[in-house]
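What follows is one structure encoded as structure tokens, with my remarks underneath.
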Amino acid sequence: TDRWQLTTGLRYLEETKDSIFFQPYVNPFVTGLFIPFNPTNPATTVAFDQTFKNAIPEVTLRWEPNDDYTFYVAYKEGFKSGGFSNSAILSNLSPPGGFDFVFDPEQNKGGEIGVKASLFNNAMIASFEVFYYEFRDLQVDFFNSQQFAFVTENAGGSETYGAELQADYATPIDGLIVGGSFGYLESKFTDFESFCFVGQRPDQGCTLLPGQNEANVRQNLKGNTRPGAPKWSGHAYATYDRPIGDALVIGFTGNMQYKSRAILSATNPTATYKAYLTFDANVHFGSSDGKWQVALIGKN
């Protein structure tokens, strides 16, 4: 039947990374903390050879009951290879062997269900989807205040789910198009024990766990929201183009974007930024055939 479509795919990856790190110069005032390179001392160099392999499948089923609607359901997997934290710093507080420099691959799996529609005699194009994905060994970048270093670490797991609505509408006013999107997102750690932040107290979650001591105390971040994941987001825009004679066009565009409060740091949930709005606008002038255009653009 021409109303159903099944699409499948498989991607195979194999990646090799050879990394080396050393500090050719350390200020004499901080040599008690940071380790300068000594060619006769292997402990002043960190080197790793890493190889990663993975096969990533996906499958999508589509159904078009008529020419105006498409429904789909998809299952997908993702893979991000491990690596080496180039921004890390070799210090006397680092674990032996430089194992805080390396991190494991990240994998995820999940799916989405959605509909795409052409409405009002093709004047509006709209889509709506819901999604859910699980992440394993999620790669998280953060500042390890205990070692004075930026590192990448693997969280045990996280889950992300939400929904998004998007629409674009060519209005009855010739040349005027409006549209926008609205999204809901939940993205939380399901398993993540990470270092405490500076000044964190036991009543804030910085407590000794079994097998730990004061030097490697960690906090349990299970249930915390991932950084950079606002619960609500959206944008709205309007653009208007008007011909000037047969050869020229002048137009105006305005755009508004919104993001709700979000976390800034994976290890410090008290570090946040507030909800905000941004506005962009432009006026453009050019040829009706699109061969040239001049624009004044304001971005917030």
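Taken together, the values in this text are just the output of simple stated rules run on the coordinates, not laboratory data. What you see is a predicted model, and the numbers here were worked out from it, not measured in a lab. When we count neighbours, we look across all protein chains shown, and the Cβ atoms used for this are built from the backbone with ideal geometry, even at glycine.
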**Request:** Mind checking the full-extension length gain between SER19 and SER265? Use 0.36 nm per residue of separation minus the Cα-Cα distance, one decimal, nm.
**Result:** 85.9 nm
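Normalised by the number of residues in the range 1-100, what is the relative contact order in percent for Cα pairs under 8 Å and 6+ residues apart? Present the calculation step by step, with values, prior to reporting the outcome.
On the way: 145 pairs, mean separation 34.2, N = 100.
In percent, rounded to a whole number, it is 34.
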**Message:** A 24 angstrom limit on the alpha carbon distance is what I want to check against. Which of LYS17/LYS80; LYS188/LYS259; LYS80/LYS259; LYS76/LYS116; LYS188/LYS274 exceed it?
**Reply:** LYS80/LYS259
**Prompt:** In terms of modelled amide H atoms, which long-range or inter-chain residues lie less than 5 Å from the amide H of CYS196?
**Reply:** GLN219
**Request:** Report the label-to-label distance for TYR184 and ALA55 in nanometres (one decimal), using points 7 Å from each Cα along the Cα→Cβ vector.
**Result:** 3.8 nm
**Asked** How much length is gained if the chain between MET124 and ASN282 is pulled fully straight, taking 0.36 nm per residue apart and subtracting their Cα-Cα distance, in nm to one decimal?
**Response** 54.5 nm
**Asked** Got a sec to turn the phi values of the range 171-176 into Karplus ³J(HN,Hα) couplings, 6.51 cos²θ - 1.76 cosθ + 1.60 with θ = phi - 60°, whole Hz, x for Gly and Pro?
**Response** 6, x, 6, 4, x, 9
**Prompt:** What is the chain's relative contact order, in percent, from Cα pairs under 8 angstrom and six or more apart in sequence?
**Reply:** 10 percent
**Request:** Using a cut-off of under 14 Å, list every residue of the range 234-262 whose amide N is near the label point 7 Å from the Cα of ILE297 along the Cα-to-beta-carbon line.
**Result:** 253-255
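Given axes a ≥ b ≥ c from the Cα gyration tensor, I'd like to know whether the chain is rounded (a/c under 1.5), prolate (a/b larger than b/c) or oblate. Don't skip to the end; give the middle numbers.
Values: a/c = 2.19, a/b = 1.82, b/c = 1.21.
Prolate, because a/c is 1.5 or more and a/b exceeds b/c.
Provide the gained length on full extension for the span ALA47 to ASP191, in nm with one decimal, where the gain is 0.36 nm per separating residue minus the Cα-Cα distance.
Values: separation 144, 0.36 × 144 = 51.84 nm, distance 2.88 nm.
Taking ALA47 through ASP191 to full extension adds about 49.0 nm, to one decimal.
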